[in-house]
1. Would you check which residues across region 67-97 are more than 8 Å from the ligand (Cβ to nearest atom) and in contact with a Lys or Arg (Cβ under 9 Å, 6 or more places away or on another chain) and list them?
2. Kindly establish whether Val475 is in contact with a Lys or Arg (Cβ under 6 Å, 6 or more places away or on another chain), in a helix (DSSP H, G or I) and not charged (D, E, K, R).
3. Test Glu436 against the stated conditions and say whether it is closer than 27 Å to Arg309 by Cβ and surrounded by fewer than 24 Cβ atoms within 10 Å (Cβ to Cβ).
4. Give the residue, chosen from Leu341, Leu361, Leu352, Leu395, that is buried (at least 23 other Cβ atoms within 10 Å of the Cβ), more than 28 Å from Thr178 (Cα to Cα), aliphatic (A, V, I, L, M) and within 13 Å of the ligand (Cβ to nearest atom).
5. Any chance region 441-460 includes a residue that's within 22 Å of Pro241 (Cβ to Cβ) and in contact with an Asp or Glu (Cβ under 9 Å, 6 or more places away or on another chain)?
6. Counting only residues that are under 22 Å from Thr541 (Cβ atoms) and of a type outside the set (Asp, Glu), which one in region 232-251 is surrounded by the fewest Cβ atoms within 10 Å (Cβ to Cβ)?
7. Can you tell me which residues in region 499-556 are more than 13 Å from the ligand (Cβ to nearest atom), without any contact (Cβ under 8 Å) to a residue 60 or more places away in the chain and buried (at least 24 other Cβ atoms within 10 Å of the Cβ)?
8. Keeping to region 399-432, report how many residues are over 15 Å from Ala238 (Cβ atoms) and in contact with a helix residue (DSSP H, G or I) (Cβ under 7 Å, 6 or more places away or on another chain).
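Every number here is computed from the coordinates shown, using simple stated rules; none is lab data. What you are looking at is a predicted structure, and each value in this text was computed from that prediction instead of being measured. Here the Cβ is made from the backbone with ideal geometry for all residues, glycine too, and neighbour counts use every protein chain on show.
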Amino acid sequence: MTSEKKMSRRQWGQSVLAVGGSLGLSSVGLPMRALTMAAPGAAALGMMMAEDAYAAQSDEYVPNLVIGTGYGGAVTALRLAQQGQRVTMLEMGRLWNTPGKDGKIFCKPFSPDDRSMWFKDHVTAVFSTVAGFIPISGLLKTPVSAGILDVVSSPNMDVYLGRGVGGGSLVNLAMLITPYRETLQRILPASIDINELYNTYYPRALVGLKGNKIRPAYFQSSAYHRYARVACTQAAKAGIPWRSLDSGYDMAYMEQEEAGTVPKSALGGEGGFGNNYGKSSLDKNYLAEAVGTGLVRIQPLTEATSITRGDDGRYYVSTKQIDVTGTVLATRTISCDRLFLGAGSMGTTQLLVKCRATGTLPNLNEHVGTRWSSNGEIFMVRNVFTPTGAKTSVLPCTGIDALDHRNQQVYSMNISIPLGIDLYSTAHITMTQTPELGRFTYDANARQSVLQWSSTAKTEPVTSAHAVYDRINKVNGATYNKSWFGGKTEGDNATYHPLGGCPLGLATSDIGEVKGYPGMYVMDSSMFPDSLVANPALSTTAFAERNIERIIAQMA
Ligand code: FAE
């Protein structure tokens, strides 16, 4: 028996992803006649022609094309492949399989290099200042390159995103949160069966993402979770319950980290620029299994730039392939029978809004580009005047369920500030309702779709978060620490959890089929019509599981 045969399909897929560059995982597997190898200027011109002409001609045909390799895209690819369907996936970021000079895939958190930021010359952070006025952005310079963490900025809002094969799962904090029933009832079309989501698809997603919880005895004794214990105790004193949360980080591995028997990752400050160990990101679960079927091909560093539909009913997707420095290597068009959009709330919405504005998908309705939400995200740091530990786990494991001033459900997670010194502080990301939603417009000069998020949209989320933490502060004699947010008591102009833009039931059917475009489906976090009041990765996975099951049934 060969060693390959002894491996499970997922293990086989993982090793293929680790090796990469072969077996159809990169452009190596593409027909060379299609590649426009040219000087950057000529390539750029080629790209413009491809975008502007959008003639229904393709360099390659595939039956199923998925744009983006985050949660929505990964579920889609795996379930299609399990039905014997061939799938090609486009991913604008890197395949993270090549160690840097330090021998690690992902860079160290405090030594950012060309692996850190997506084409930025400095690190940007939600915690914008140190000591109230020193901007963090200026402190850490980075080479401009195809790094793992992107920040898409528009007036009043910075959206943080993961770039690479695995999407947000590469950079996120791996919290897998099931939203409140009240939230789903309020925001979803009535035709969606919420009981079925809770009974079938959330549990399926949790298994697929390898959800697990911290062991209570370990949590209570760990030196790295003291900050969370303080935060939970203070909430409880104010009558607000706390709970330990499902996580995609292997908590047994974390215990070994603390015991010193394995290399440190979450306990070694790793998180936002990727975890070298411990985390079950999509390249270790859904994507590994998908590639393990032998039917899924992933093209990294390849961005979908435009979509049109031919007279033959196929979709024609213009693509741009770059190297890690951003040099355009090729532009090509791929046609497909079924097109699955998994480029995330920002990526999918920006692409569709552009296609409607430039006339390549003229039938897209007026709901495309609407109902965008920051998930009502508010960042806070509190002075708690008690030790919270010099050692902290970057990957969190606890949160609270509270009611705000209007008796609306609010959820908040306890996070760490991993500086290696005791800050006598706790930090929190609070998720709330967003009565005022955002929308996208198209800037023809910049050839870009732009998020319009009003300066007043944060007002209700800020009030909700304060309603909860004012109470906790009062009971515990704690105060807000303003030094991290330029003198303000909260960070209110950033989100890790963009949602919406292509709302279910409005821009699409209730299984994500885009209205006016049969065979084109929205599979990612752009489908949610409002704030989830919960971290979105698990919901995106669960809804993709639900929708692809129905799409496959319709294909039969
Ligand atoms: P996503 O995972 O963003 O994947 C989209 C992919 O498409 C990306 O890889 C893009 O590079 C790629 N792409 C975009 N446009 C194109 C294009 N035109 N052509 C080709 N490829 C394209 O989408 N969520 C949680 O639930 N729990 C957490 O603890 C958590 N922590 C977070 C911490 C940070 C710092 C960040 C940034 C996010 C965090 N999130 C967390 C959010 C979570 O990762 C996010 O909601 C999901 O990743 C969204 O999944 P999608 O499938 O929608």
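1. Once the filter is applied, which keeps residues that are more than 8 Å from the ligand (Cβ to nearest atom) and in contact with a Lys or Arg (Cβ under 9 Å, 6 or more places away or on another chain), region 67-97 yields Leu80, Gln85, Arg86, Val87, Thr88, Met89, Arg94, Trp96.
2. Values: in contact with a Lys or Arg (Cβ under 6 Å, 6 or more places away or on another chain): yes; in a helix (DSSP H, G or I): yes; not charged (D, E, K, R): yes.
It is true that Val475 is in contact with a Lys or Arg (Cβ under 6 Å, 6 or more places away or on another chain), in a helix (DSSP H, G or I) and not charged (D, E, K, R).
3. Against the criterion (closer than 27 Å to Arg309 by Cβ and surrounded by fewer than 24 Cβ atoms within 10 Å (Cβ to Cβ)), Glu436 does not qualify.
4. None of the others qualify; the one that does is Leu352.
5. Looking for residues that are within 22 Å of Pro241 (Cβ to Cβ) and in contact with an Asp or Glu (Cβ under 9 Å, 6 or more places away or on another chain), one finds none in region 441-460, hence no.
6. If we filter region 232-251 for residues that are under 22 Å from Thr541 (Cβ atoms), which is where we start, we get 243-251.
The next check asks that each one be of a type outside the set (Asp, Glu); those that pass are 243-245, 247-249, 251.
Values: Arg243: 13, Ser244: 18, Leu245: 23, Ser247: 25, Gly248: 27, Tyr249: 29, Met251: 20.
Checked region 232-251; the qualifying residue surrounded by the fewest Cβ atoms within 10 Å (Cβ to Cβ) is Arg243.
7. Thr508, the sole residue that qualifies.
8. Here is the first cut: in region 399-432, the residues over 15 Å from Ala238 (Cβ atoms) are 406-409, 411, 413, 415-425, 427, 429, 431-432.
Imposing the further condition that a residue be in contact with a helix residue (DSSP H, G or I) (Cβ under 7 Å, 6 or more places away or on another chain) reduces the set to 408-409, 416, 432.
Counting residues in region 399-432 that are over 15 Å from Ala238 (Cβ atoms) and in contact with a helix residue (DSSP H, G or I) (Cβ under 7 Å, 6 or more places away or on another chain) gives 4.
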